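One structure is given here, and the rest of the page talks about it.
The values are calculated or read from the model by the stated rules, or taken from the named source; none is laboratory data. Since we're looking at a predicted model, the values are computed, not measured. FYI the Cβ positions are ideal-geometry reconstructions off the backbone, even for glycines, and counts take in every protein chain you see.
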Amino acid sequence: MSREVVITGVGAVSPLGVGARTLHERWSAGVVGIADGKGRASEFEPTEHLSVKEVRRADRFTQFALVSGDEALAEAGWSDELPYEADRIASILGTGIGGIGTLERGKELLIEYGEKKVPPLSVPLMMSNAAAAAVSMRYKLLGPCHGIVSACSGGADAIGAAKMMIESGLVDAVVTGGSEAAITPLSLAAFGALDALSTSGISRPFDKDRDGFVMGEGAGILVLEAADKAAERGAKVLGTLKGYGASADAYHLTAPDKTGGGPARAMAAALKDAGITPEDVVYVNAHGTSTALNDSAETAALKTALGDHVYKIPISSLKSSIGHTLGAAGAVEAVATILALRDRIAPPTLGLENPGEGLDLDYVPGSAKPLNIDGKPAIAISSSFGFGGHNAVLCLEAA
(Lines give C-alpha, C1' and ligand atoms only; values in the text may rest on other atoms or scores of the structure.)
Protein backbone atom coordinates (compact mmCIF):
# COMPACT_ATOMS: atom_id res chain seq x y z
CA MET A 1 0.00 0.00 0.00
CA SER A 2 1.40 3.39 -0.99
CA ARG A 3 2.07 6.05 1.60
CA GLU A 4 -0.18 9.07 2.13
CA VAL A 5 1.41 12.38 1.10
CA VAL A 6 0.83 15.51 3.17
CA ILE A 7 1.62 19.20 2.67
CA THR A 8 3.51 20.82 5.53
CA GLY A 9 4.58 24.13 4.02
CA VAL A 10 3.77 26.46 1.12
CA GLY A 11 5.38 29.54 -0.36
CA ALA A 12 4.66 31.86 -3.26
CA VAL A 13 5.72 34.90 -5.23
CA SER A 14 3.07 36.35 -7.55
CA PRO A 15 1.69 39.55 -9.06
CA LEU A 16 -0.31 39.89 -5.83
CA GLY A 17 2.88 40.13 -3.75
CA VAL A 18 5.42 38.03 -1.91
CA GLY A 19 4.00 35.25 0.25
CA ALA A 20 1.46 32.46 0.02
CA ARG A 21 -0.97 34.14 2.42
CA THR A 22 -0.69 37.40 0.50
CA LEU A 23 -1.65 35.51 -2.65
CA HIS A 24 -4.63 33.87 -1.01
CA GLU A 25 -5.91 36.88 0.92
CA ARG A 26 -5.64 39.36 -1.94
CA TRP A 27 -7.22 37.05 -4.49
CA SER A 28 -10.06 36.26 -2.08
CA ALA A 29 -10.58 40.00 -1.58
CA GLY A 30 -10.88 40.54 -5.32
CA VAL A 31 -7.56 42.29 -5.90
CA VAL A 32 -6.26 42.30 -9.47
CA GLY A 33 -2.49 42.05 -9.78
CA ILE A 34 -2.50 42.83 -13.49
CA ALA A 35 -1.33 46.26 -14.66
CA ASP A 36 -0.83 47.49 -18.21
CA GLY A 37 -1.84 44.11 -19.55
CA LYS A 38 0.81 42.14 -17.65
CA GLY A 39 0.89 40.24 -14.37
CA ARG A 40 4.29 41.31 -13.08
CA ALA A 41 5.50 40.41 -9.59
CA SER A 42 6.12 44.12 -9.05
CA GLU A 43 6.48 43.90 -5.26
CA PHE A 44 9.31 41.39 -5.57
CA GLU A 45 12.70 42.98 -4.98
CA PRO A 46 15.27 40.16 -5.10
CA THR A 47 17.89 41.86 -2.93
CA GLU A 48 15.37 42.11 -0.08
CA HIS A 49 15.46 38.32 0.13
CA LEU A 50 18.73 37.19 -1.44
CA SER A 51 22.32 38.39 -1.34
CA VAL A 52 23.71 40.36 -4.27
CA LYS A 53 25.82 37.33 -5.20
CA GLU A 54 22.80 35.03 -5.10
CA VAL A 55 20.83 37.41 -7.31
CA ARG A 56 23.67 37.64 -9.82
CA ARG A 57 23.92 33.86 -10.05
CA ALA A 58 20.21 33.19 -10.60
CA ASP A 59 17.75 34.02 -13.36
CA ARG A 60 14.54 35.69 -12.19
CA PHE A 61 12.60 32.43 -12.36
CA THR A 62 15.16 30.81 -10.05
CA GLN A 63 15.01 33.79 -7.68
CA PHE A 64 11.24 33.31 -7.40
CA ALA A 65 11.74 29.63 -6.57
CA LEU A 66 14.36 30.32 -3.89
CA VAL A 67 12.28 32.93 -2.10
CA SER A 68 9.11 30.82 -2.27
CA GLY A 69 11.16 27.86 -1.04
CA ASP A 70 12.41 29.80 1.97
CA GLU A 71 8.80 30.52 2.96
CA ALA A 72 7.64 26.96 2.44
CA LEU A 73 10.52 25.38 4.36
CA ALA A 74 10.11 27.82 7.23
CA GLU A 75 6.44 26.90 7.57
CA ALA A 76 7.32 23.22 7.45
CA GLY A 77 9.75 23.74 10.32
CA TRP A 78 12.83 22.96 8.24
CA SER A 79 14.65 26.27 8.71
CA ASP A 80 17.17 25.11 11.31
CA GLU A 81 17.84 21.59 10.09
CA LEU A 82 16.43 18.98 7.75
CA PRO A 83 14.03 16.53 9.42
CA TYR A 84 15.27 13.57 7.38
CA GLU A 85 18.51 12.32 5.90
CA ALA A 86 19.42 14.66 3.04
CA ASP A 87 19.48 11.84 0.48
CA ARG A 88 15.84 11.08 1.35
CA ILE A 89 14.67 14.55 0.22
CA ALA A 90 14.16 15.44 -3.45
CA SER A 91 13.94 18.73 -5.34
CA ILE A 92 11.49 18.56 -8.27
CA LEU A 93 10.39 21.81 -9.92
CA GLY A 94 8.44 22.56 -13.07
CA THR A 95 8.72 25.36 -15.60
CA GLY A 96 7.55 26.08 -19.09
CA ILE A 97 10.41 28.13 -20.51
CA GLY A 98 13.07 28.44 -17.80
CA GLY A 99 15.61 31.25 -17.94
CA ILE A 100 14.40 32.97 -21.07
CA GLY A 101 15.36 36.39 -19.69
CA THR A 102 18.98 35.26 -19.44
CA LEU A 103 18.80 33.76 -22.92
CA GLU A 104 17.51 36.97 -24.47
CA ARG A 105 20.08 39.18 -22.73
CA GLY A 106 22.87 36.83 -23.81
CA LYS A 107 21.76 36.98 -27.44
CA GLU A 108 21.65 40.79 -27.31
CA LEU A 109 25.21 40.91 -25.97
CA LEU A 110 26.37 38.41 -28.58
CA ILE A 111 24.96 40.47 -31.44
CA GLU A 112 26.13 43.85 -30.13
CA TYR A 113 29.55 43.05 -28.67
CA GLY A 114 30.56 39.59 -29.85
CA GLU A 115 30.88 36.18 -28.22
CA LYS A 116 33.49 37.20 -25.64
CA LYS A 117 30.92 39.44 -23.92
CA VAL A 118 28.42 36.64 -23.33
CA PRO A 119 28.43 36.06 -19.53
CA PRO A 120 30.03 32.76 -18.46
CA LEU A 121 27.04 31.94 -16.23
CA SER A 122 24.57 32.15 -19.11
CA VAL A 123 24.07 28.40 -19.45
CA PRO A 124 23.54 27.58 -15.75
CA LEU A 125 21.16 30.53 -15.43
CA MET A 126 19.00 29.81 -18.47
CA MET A 127 18.71 26.02 -18.28
CA SER A 128 15.24 24.83 -17.32
CA ASN A 129 16.50 22.69 -14.43
CA ALA A 130 18.30 25.67 -12.85
CA ALA A 131 15.62 26.35 -10.23
CA ALA A 132 15.47 22.72 -9.09
CA ALA A 133 19.26 22.63 -8.86
CA ALA A 134 19.44 25.93 -6.97
CA VAL A 135 16.85 24.76 -4.44
CA SER A 136 18.71 21.50 -3.84
CA MET A 137 21.99 23.37 -3.32
CA ARG A 138 20.45 26.01 -1.06
CA TYR A 139 19.06 23.43 1.36
CA LYS A 140 21.64 20.67 0.75
CA LEU A 141 19.04 18.21 -0.53
CA LEU A 142 20.84 15.11 -1.81
CA GLY A 143 17.91 13.12 -3.18
CA PRO A 144 16.66 13.14 -6.79
CA CYS A 145 16.82 16.57 -8.41
CA HIS A 146 15.38 17.51 -11.76
CA GLY A 147 13.13 19.88 -13.65
CA ILE A 148 9.81 19.00 -15.26
CA VAL A 149 9.04 20.74 -18.56
CA SER A 150 5.50 20.23 -19.86
CA ALA A 151 4.50 23.75 -20.84
CA CYS A 152 1.75 25.16 -18.61
CA SER A 153 1.29 21.80 -16.89
CA GLY A 154 4.88 21.81 -15.60
CA GLY A 155 4.18 22.90 -12.02
CA ALA A 156 1.32 20.44 -11.54
CA ASP A 157 3.30 17.62 -13.17
CA ALA A 158 6.24 18.32 -10.85
CA ILE A 159 3.95 18.03 -7.82
CA GLY A 160 2.50 14.83 -9.23
CA ALA A 161 5.97 13.38 -9.79
CA ALA A 162 6.90 14.32 -6.23
CA LYS A 163 3.81 12.54 -4.92
CA MET A 164 4.73 9.34 -6.72
CA MET A 165 8.31 9.46 -5.44
CA ILE A 166 7.10 9.58 -1.84
CA GLU A 167 4.43 6.93 -2.38
CA SER A 168 6.97 4.55 -3.89
CA GLY A 169 9.31 4.90 -0.91
CA LEU A 170 12.10 6.39 -3.02
CA VAL A 171 12.19 9.45 -0.72
CA ASP A 172 10.49 10.68 2.44
CA ALA A 173 9.95 14.30 1.36
CA VAL A 174 10.10 16.56 -1.70
CA VAL A 175 10.45 20.30 -2.16
CA THR A 176 8.36 20.80 -5.28
CA GLY A 177 6.36 23.27 -7.34
CA GLY A 178 7.01 25.50 -10.31
CA SER A 179 8.46 28.85 -11.33
CA GLU A 180 8.33 31.11 -14.36
CA ALA A 181 9.59 34.56 -15.36
CA ALA A 182 8.71 34.89 -19.03
CA ILE A 183 7.48 38.47 -19.35
CA THR A 184 10.20 39.21 -21.91
CA PRO A 185 10.16 40.82 -25.37
CA LEU A 186 10.62 37.54 -27.25
CA SER A 187 8.08 35.63 -25.18
CA LEU A 188 5.46 38.37 -25.49
CA ALA A 189 6.06 38.69 -29.23
CA ALA A 190 5.92 34.92 -29.76
CA PHE A 191 2.68 34.40 -27.86
CA GLY A 192 1.30 37.50 -29.55
CA ALA A 193 2.11 36.01 -32.94
CA LEU A 194 -0.01 33.00 -31.97
CA ASP A 195 -2.93 35.33 -31.15
CA ALA A 196 -2.89 33.79 -27.68
CA LEU A 197 -2.45 37.02 -25.69
CA SER A 198 -5.28 39.32 -24.69
CA THR A 199 -5.34 42.47 -26.80
CA SER A 200 -7.42 44.25 -24.15
CA GLY A 201 -4.95 43.34 -21.39
CA ILE A 202 -7.78 41.94 -19.25
CA SER A 203 -8.02 38.39 -17.94
CA ARG A 204 -11.69 37.41 -17.77
CA PRO A 205 -12.02 33.64 -17.85
CA PHE A 206 -15.34 32.21 -19.06
CA ASP A 207 -16.64 35.65 -20.14
CA LYS A 208 -18.08 36.06 -23.62
CA ASP A 209 -15.66 38.94 -24.26
CA ARG A 210 -12.52 37.02 -23.26
CA ASP A 211 -9.83 37.60 -25.86
CA GLY A 212 -6.76 35.68 -24.72
CA PHE A 213 -4.57 35.21 -21.68
CA VAL A 214 -2.53 37.82 -19.83
CA MET A 215 1.10 36.89 -19.17
CA GLY A 216 1.98 36.53 -15.50
CA GLU A 217 5.05 35.48 -13.53
CA GLY A 218 5.82 33.94 -10.18
CA ALA A 219 6.41 30.71 -8.30
CA GLY A 220 4.68 28.31 -5.96
CA ILE A 221 6.58 25.88 -3.74
CA LEU A 222 5.18 23.10 -1.55
CA VAL A 223 6.88 20.87 0.98
CA LEU A 224 5.49 17.35 0.64
CA GLU A 225 6.18 14.63 3.22
CA ALA A 226 5.17 11.04 3.81
CA ALA A 227 2.31 11.27 6.30
CA ASP A 228 3.80 8.72 8.68
CA LYS A 229 7.13 10.54 8.78
CA ALA A 230 5.47 13.92 9.28
CA ALA A 231 3.43 12.51 12.16
CA GLU A 232 6.55 11.08 13.80
CA ARG A 233 8.17 14.50 13.93
CA GLY A 234 4.97 16.24 15.03
CA ALA A 235 4.65 18.38 11.92
CA LYS A 236 1.66 20.65 11.45
CA VAL A 237 -0.17 19.49 8.33
CA LEU A 238 -1.88 21.92 5.95
CA GLY A 239 -3.50 19.25 3.85
CA THR A 240 -3.16 16.08 1.85
CA LEU A 241 -2.20 15.59 -1.78
CA LYS A 242 -4.77 12.89 -2.43
CA GLY A 243 -4.57 12.38 -6.17
CA TYR A 244 -2.77 13.13 -9.41
CA GLY A 245 -3.92 12.43 -12.93
CA ALA A 246 -2.32 13.19 -16.29
CA SER A 247 -3.09 12.63 -19.94
CA ALA A 248 -2.22 13.74 -23.44
CA ASP A 249 -4.61 15.19 -26.00
CA ALA A 250 -2.52 13.85 -28.92
CA TYR A 251 -4.49 16.36 -30.95
CA HIS A 252 -2.72 19.67 -31.72
CA LEU A 253 0.39 21.54 -30.62
CA THR A 254 -1.51 24.56 -29.28
CA ALA A 255 -5.27 23.99 -29.52
CA PRO A 256 -7.20 21.74 -27.14
CA ASP A 257 -9.67 19.15 -28.35
CA LYS A 258 -13.01 20.98 -28.20
CA THR A 259 -14.64 18.00 -26.51
CA GLY A 260 -12.29 18.31 -23.52
CA GLY A 261 -11.54 14.60 -23.72
CA GLY A 262 -7.92 14.84 -22.59
CA PRO A 263 -8.57 17.04 -19.55
CA ALA A 264 -11.58 14.89 -18.60
CA ARG A 265 -9.39 11.78 -18.60
CA ALA A 266 -6.84 13.53 -16.35
CA MET A 267 -9.60 14.63 -13.97
CA ALA A 268 -11.03 11.12 -13.80
CA ALA A 269 -7.55 9.71 -13.18
CA ALA A 270 -6.96 12.17 -10.32
CA LEU A 271 -10.26 11.19 -8.69
CA LYS A 272 -9.44 7.51 -9.07
CA ASP A 273 -5.97 8.00 -7.61
CA ALA A 274 -7.53 9.85 -4.67
CA GLY A 275 -10.11 7.10 -4.15
CA ILE A 276 -13.04 9.51 -4.30
CA THR A 277 -16.12 10.16 -6.44
CA PRO A 278 -17.19 13.40 -8.13
CA GLU A 279 -19.66 13.97 -5.29
CA ASP A 280 -16.73 14.35 -2.87
CA VAL A 281 -15.41 17.43 -4.68
CA VAL A 282 -16.49 20.73 -3.10
CA TYR A 283 -14.43 23.16 -5.21
CA VAL A 284 -12.58 23.33 -8.53
CA ASN A 285 -9.62 25.58 -9.20
CA ALA A 286 -9.89 25.88 -12.97
CA HIS A 287 -7.09 26.30 -15.47
CA GLY A 288 -9.32 29.13 -16.74
CA THR A 289 -6.96 30.92 -19.11
CA SER A 290 -9.43 33.46 -20.57
CA THR A 291 -8.96 32.04 -24.07
CA ALA A 292 -11.96 31.05 -26.14
CA LEU A 293 -10.77 27.50 -26.79
CA ASN A 294 -9.56 26.61 -23.28
CA ASP A 295 -12.54 27.86 -21.32
CA SER A 296 -15.03 26.03 -23.53
CA ALA A 297 -13.03 22.78 -23.63
CA GLU A 298 -12.41 22.90 -19.88
CA THR A 299 -16.10 23.40 -19.15
CA ALA A 300 -16.90 20.40 -21.36
CA ALA A 301 -14.25 18.35 -19.54
CA LEU A 302 -15.65 19.26 -16.12
CA LYS A 303 -19.13 18.19 -17.19
CA THR A 304 -17.79 14.86 -18.46
CA ALA A 305 -15.61 14.12 -15.43
CA LEU A 306 -17.90 15.37 -12.66
CA GLY A 307 -21.31 14.69 -14.20
CA ASP A 308 -24.36 16.50 -12.86
CA HIS A 309 -22.50 17.24 -9.62
CA VAL A 310 -20.51 19.89 -11.47
CA TYR A 311 -23.53 22.22 -11.33
CA LYS A 312 -23.45 22.13 -7.51
CA ILE A 313 -19.87 23.26 -6.92
CA PRO A 314 -18.04 26.57 -7.32
CA ILE A 315 -15.34 26.82 -9.98
CA SER A 316 -12.94 29.76 -10.15
CA SER A 317 -9.77 30.86 -11.91
CA LEU A 318 -6.79 32.48 -10.19
CA LYS A 319 -5.62 33.68 -13.61
CA SER A 320 -8.36 36.31 -13.49
CA SER A 321 -6.33 37.97 -10.73
CA ILE A 322 -2.69 37.34 -11.64
CA GLY A 323 -2.66 36.28 -15.29
CA HIS A 324 -1.15 33.08 -16.62
CA THR A 325 2.15 32.12 -15.00
CA LEU A 326 2.73 29.37 -17.58
CA GLY A 327 4.80 26.52 -16.09
CA ALA A 328 4.36 27.91 -12.58
CA ALA A 329 0.57 28.03 -12.83
CA GLY A 330 -0.19 24.57 -11.49
CA ALA A 331 2.02 25.12 -8.46
CA VAL A 332 0.86 28.66 -7.66
CA GLU A 333 -2.73 27.49 -8.03
CA ALA A 334 -2.14 24.43 -5.81
CA VAL A 335 -0.87 26.77 -3.08
CA ALA A 336 -3.89 29.03 -3.50
CA THR A 337 -6.26 26.05 -3.55
CA ILE A 338 -5.05 24.46 -0.32
CA LEU A 339 -5.37 27.81 1.49
CA ALA A 340 -8.83 28.40 0.04
CA LEU A 341 -9.89 24.97 1.26
CA ARG A 342 -8.40 25.69 4.67
CA ASP A 343 -10.56 28.82 4.98
CA ARG A 344 -13.58 27.07 3.40
CA ILE A 345 -13.87 29.76 0.74
CA ALA A 346 -14.15 29.84 -3.05
CA PRO A 347 -12.18 32.86 -4.30
CA PRO A 348 -13.69 34.75 -7.23
CA THR A 349 -13.28 34.71 -10.97
CA LEU A 350 -12.69 38.40 -11.58
CA GLY A 351 -13.75 40.28 -14.69
CA LEU A 352 -16.52 37.78 -15.40
CA GLU A 353 -19.71 39.68 -16.24
CA ASN A 354 -21.41 37.77 -19.04
CA PRO A 355 -20.59 34.05 -19.38
CA GLY A 356 -19.91 32.83 -22.89
CA GLU A 357 -22.20 30.53 -24.82
CA GLY A 358 -22.45 27.11 -23.18
CA LEU A 359 -20.49 28.27 -20.12
CA ASP A 360 -23.25 27.67 -17.60
CA LEU A 361 -21.44 26.57 -14.42
CA ASP A 362 -20.91 28.44 -11.15
CA TYR A 363 -17.69 30.31 -11.94
CA VAL A 364 -17.93 32.48 -8.78
CA PRO A 365 -18.16 35.82 -10.59
CA GLY A 366 -17.02 38.99 -8.89
CA SER A 367 -16.64 38.07 -5.25
CA ALA A 368 -15.70 35.12 -3.05
CA LYS A 369 -18.28 32.81 -1.54
CA PRO A 370 -18.24 30.28 1.34
CA LEU A 371 -17.78 26.64 0.44
CA ASN A 372 -20.79 24.48 1.17
CA ILE A 373 -19.02 21.69 3.04
CA ASP A 374 -21.92 20.19 5.01
CA GLY A 375 -19.58 18.23 7.23
CA LYS A 376 -17.70 16.70 4.31
CA PRO A 377 -13.92 16.84 3.88
CA ALA A 378 -12.73 19.97 2.04
CA ILE A 379 -11.60 18.43 -1.26
CA ALA A 380 -10.82 20.18 -4.54
CA ILE A 381 -9.30 19.47 -7.90
CA SER A 382 -6.88 21.91 -9.52
CA SER A 383 -6.26 21.62 -13.26
CA SER A 384 -3.43 22.62 -15.59
CA PHE A 385 -3.29 22.18 -19.36
CA GLY A 386 -0.36 23.03 -21.63
CA PHE A 387 0.60 23.53 -25.25
CA GLY A 388 1.49 20.15 -26.70
CA GLY A 389 -1.65 18.62 -25.25
CA HIS A 390 -0.37 18.11 -21.70
CA ASN A 391 -3.04 17.73 -19.00
CA ALA A 392 -2.34 17.50 -15.26
CA VAL A 393 -4.85 17.49 -12.42
CA LEU A 394 -4.21 17.52 -8.67
CA CYS A 395 -6.68 16.46 -5.99
CA LEU A 396 -6.15 18.29 -2.69
CA GLU A 397 -7.76 18.02 0.75
CA ALA A 398 -7.37 20.58 3.51
CA ALA A 399 -6.54 19.42 7.02
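When you look at Gly160, is it part of a helix (DSSP H, G or I), assigned by TED's automatic domain parsing to the domain that holds Gly19 and touching a strand residue (DSSP E or B) at 6+ places or on another chain (Cβ under 7 Å), yes or no? For Gly160, the condition - part of a helix (DSSP H, G or I), assigned by TED's automatic domain parsing to the domain that holds Gly19 and touching a strand residue (DSSP E or B) at 6+ places or on another chain (Cβ under 7 Å) - is met. Within the stretch 333-355, identify whether any single residue is at positive phi, surrounded by fewer than 20 Cβ atoms within 10 Å (Cβ to Cβ) and either under 15 Å from the mean Cα position of the chain (by Cα) or at pLDDT below 95 (or both), and answer yes or no. The answer is no; no qualifying residue exists. Comparison of Gly201, Gly220 shows that the only residue that is assigned by TED's automatic domain parsing to the domain that holds Ala132, more than 23 Å from Lys376 (Cβ to Cβ), touching a residue at least 40 places away in the same chain (Cβ under 8 Å) and assigned to a strand (DSSP E or B) is Gly220. Within the stretch 327-347, none of the residues are touching a Gly at 6+ places or on another chain (Cβ under 9 Å), aliphatic (A, V, I, L, M), assigned to a loop (DSSP other than H, G, I, E, B) and outside the structural domain of Gly160 (by TED's automatic domain parsing). Return the residue satisfying two criteria in turn: it lies in the stretch 206-226 and is in contact with a helix residue (DSSP H, G or I) (Cβ under 9 Å, 6 or more places away or on another chain) and farther than 22 Å from Ser179 by Cα, and of such residues it is surrounded by the fewest Cβ atoms within 10 Å (Cβ to Cβ). The extreme case among them is Asp211. Residues that are in the same structural domain as Leu188 (by TED's automatic domain parsing) and touching a strand residue (DSSP E or B) at 6+ places or on another chain (Cβ under 6 Å) are absent from the stretch 105-124.
Residues being buried (at least 18 other Cβ atoms within 10 Å of the Cβ), within 16 Å of Leu326 (Cα to Cα) and touching a His at 6+ places or on another chain (Cβ under 9 Å) are entirely absent from the stretch 54-65.
Can you tell which of Gly101, Gly69 is farther than 13 Å from Val135 by Cβ and assigned to a helix (DSSP H, G or I)? Selected residue: Gly101, the only one of Gly101, Gly69 that is farther than 13 Å from Val135 by Cβ and assigned to a helix (DSSP H, G or I).
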